[in-house]
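Working notes, beginning with the structure itself.
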Amino acid sequence: MKWDPSKYVEFGNHRDRPFHDLVARIQADEPRSVVDLGCGPGNLTATLAARWPAARVLGLDSSQEMLAKAARLAVPGQLEFEQADIADWTPDRDVDVVVTNAALQWVPGHQDMLSGWLQALPPGAWFALQVPGNFTSASHALMRKLAESPTWASRLDGVLRHEGAVGSPADYLEIMLDAGCTADAWETTYQQLLPGKDPVLQWVRGTGLRPVLAALSEEEGLEFEHEYSTLLRQAYPESAHGTLYPFRRIFAVARRNP
């Protein structure tokens, strides 16, 4: 699946807000090493380097397209980026802060991995995650329903992930506590007003719709989008203020006990 960095950073103020809300809960003072799992185009990873200038900050992502964008922000020895699969990553013993923002939903089995990551961190280290909690929202439910329709089922069977792609706040909290951490978990639904024509379609083009477009030809992708956009307009009518798109996110932050 190819990513489009320019499309991903569209609606940047809305997409960035959960990251900043997440990182604000990390109380590390002078970490040695900071890792951003699923760093994307690197713009948010760079804010970690600005917050902890004495740390080595490493952004990891599996997308060549994203890393090509991030490379322009790199500062050797301070802010670096590498291509890697999150599922293959294990923390070094000097990693004091791990951040993963809107990435783990793409990693099957990440809840089991989380337990191992936490136990491998040194005492006092922090792990902060944020994942989408909107798999049951109309934007995602309608996408799945259309993909499962007779027209598209043969080409899109198994392409889209369902509610089981992420855990609940309580799931992440329990994993963190069982791993010997002090932890906090919560959820937030941002009431976002999106501007422009078909803004919810434009939003999901940057993330959730990517697997569908990757599985279809260009012509098929346009046909799917046409049908999908009609459903979205009914579910998210435009008002005089814009189009309201509720955006539920799940957060969890842990600190390894001494």
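The numbers here are math on the coordinates, done by the rules we state, and not lab data. Since this is a predicted model, take the numbers as computed values, not measurements. Glycine gets a Cβ as well: all are built from the backbone with ideal geometry, and neighbour counts include every protein chain shown.
So what is the relative contact order for the range 18-162, in percent, with contacts set as C-alpha pairs under 8 Å and at least six apart?
With pairs under 8 Å counted, the relative contact order is 23 percent.
How much of the DSSP beta bridge set in the range 60-148 is antiparallel, as a percent to the nearest 5?
10 percent
Net charge within 15 Å of Ala74 by Cβ-Cβ distance, Lys/Arg positive one each and Asp/Glu negative one each, not counting Ala74 itself? It would help to have the intermediate numbers written out before the result.
Numbers: positive: Arg56, Lys69, Arg72; negative: Asp36, Asp61, Glu80, Glu82.
Summing Lys and Arg as +1 and Asp and Glu as -1 gives -1.
Taking the radius of gyration and the Kirkwood hydrodynamic radius from Cα positions alone, what is the Rg/Rh ratio for the range 5-256, to two decimal places? Spell out each step's value before the answer.
Details: Rg = 18.7 Å, Rh = 19.1 Å.
We get a ratio of 0.98 for the range 5-256.
Can you give the charge dipole size of the range 61-124 about its Cα centre, rounded to the nearest 20 debye, using +1 on the beta carbon of Lys and Arg and -1 on the beta carbon of Asp and Glu?
The calculated dipole for the range 61-124 is roughly 180 debye.
Please work out how much length the chain gains when fully extended from Leu222 to Gln78, using 0.36 nm per residue of separation minus the C-alpha to C-alpha distance, in nm with one decimal.
The Leu222-Gln78 span can extend by a further 47.6 nm.
Only counting other Cβ atoms within 10 Å, I'd like Arg17, Arg255, Arg205 sorted with the fewest neighbours first.
Ranked by crowding around the Cβ, least crowded first: Arg17, Arg205, Arg255.
So, R0 is 35 Å and r is the distance between the beta-carbons of Asp21 and Ser229; what FRET efficiency does that work out to, to 0.05?
E between Asp21 and Ser229, to the nearest 0.05, is 0.70.
Give me the dipole magnitude in Debye, nearest 20, for the chain about the Cα centre, with unit charges on the beta carbon: positive for Lys and Arg, negative for Asp and Glu.
500 debye
Take every DSSP beta bridge whose two residues both sit in the chain, then give the antiparallel share in percent to the nearest 5.
55 percent
As a test of the formula, what do you get for the chain when each DSSP H run with n ≥ 4 contributes -39,500 (n - 2.57) and the sum is divided by the residue count, at 222 nm and rounded to the nearest 500 deg cm²/dmol?
-10500 deg cm²/dmol
Pairs of Cα atoms under 8 Å, at least six residues apart: use those to get the relative contact order of the chain, whole percent.
22 percent
Give me Glu174, Glu187, Glu218, Glu80 sorted ascending by neighbouring Cβ count inside 10 Å, so fewest comes first.
Arranged by neighbour count, lowest to highest, Glu174, Glu187, Glu218, Glu80 become Glu218, Glu187, Glu174, Glu80.
Grab the other residues whose beta carbon is less than 15 angstrom from that of Trp152, score K and R as +1, D and E as -1, and report the net.
-4
Would you list Trp117, Trp186 from fewest to most Cβ contacts within 10 Å? Mind showing how you got there, number by number?
Numbers: Trp117 24, Trp186 14.
Lowest to highest Cβ neighbour count: Trp186, Trp117.
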